[in-house]
Amino acid sequence: MATGFDASEFVDREFEAAQNSFRGTATMTAMPDDASRAPSREEVDTKVGDLQTKLAELKRAQTELERERASLEETRRRQTEFTTGRQEMIHSLTRGIGLIEEAEFAARRDAEQMARTLGELRESLNKVQSINDQAWTKDDFQIELTRANTVIENARLEWHGAQIKWTQLSPESLKQAEAKEAPQTAAPLAERGFFELCKFGFALTWPIVLGLAALIVVLLIRK
């Protein structure tokens with residue numbers, strides 16, 4: 001019995017492989033690959049558009065970074081101002097409180113001492129004013145006189161002690177206070193200026209001059 005015809009038995013496999021290899025080489029020689037091929041106008045335009053888009057994104061990113069940097073610098077400046085201001089105010093307020101406390105303590109102490117001195121001066125004044133020399137008699141005259149002098153001496157000691165303790169009671173301060181309380185009197189003529197003296201003399205003599213002028217006019221009219 002005869003077998004069927006098999007066409008593959010008459011195909012040269014080596015020839016087909018060589019032929020396919022030749023065809024691939026010819027195709028590669030005719031059409032270069034993408035790496036060595038010159039870009040087209042569309043590809044260049046596309047790349048230019050992509051680069052412009054990337055540049056725009058980079059500019060936006062740069063603008064955002066600049067804005068963020070300015071905000072951070074402003075925050076840092078405010079933080080520095082806050083830290084410096086707080087330290088400055090803590091130092092100033094602490095120092096000021098200490099000074100005011102010292103001044104308050106000194107003022108309270110002076111006020112207490114002044115109140116004590118005021119009470120002592122008032123008591124001495126009452127004692128001096130309470131001396132009634134009109135009620136003394138011949139029998140107790142010497143005793144009352146001695147007692148009165150003792151009261152006056154004690155008052156003098158109190159007064160001198162107060163003058164030493166308080167500058168308001170110094171002789172200079174008392175003279176200034178008396179000068180302010182004294183009524184203002186006109187300055188003596190010797191202390192006035194020449195023009196003031198002329199005005200003063202004219203004010204005194206103008207009625208006499210006016211009377212003499214009137215008398216001369218009357219005499220002339222009668223003639």
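When ILE131 is tested against (1) under 20 Å from the mean Cα position of the chain (by Cα); (2) not in a helix (DSSP H, G or I); (3) not aromatic (Phe, Trp, Tyr), only condition (1) is not met.
Residue pairs whose Cβ atoms lie under 7 Å apart, separated by 6 or more positions or on different chains, with the first residue in region 120-136 and touching a residue at least 40 places away in the same chain (Cβ under 8 Å) and the second part of a loop (DSSP other than H, G, I, E, B), do not occur. Flag: GLU112 does not match the condition of being at pLDDT below 95, assigned to a helix (DSSP H, G or I) and in contact with an Asp or Glu (Cβ under 9 Å, 6 or more places away or on another chain).
The values are calculated or read from the model by the stated rules, or taken from the named source; none is laboratory data. What you see is a predicted model; the values in this text were computed from it and never measured. All Cβ positions, glycine included, derive from the backbone under ideal geometry; neighbour counts span all protein chains shown.
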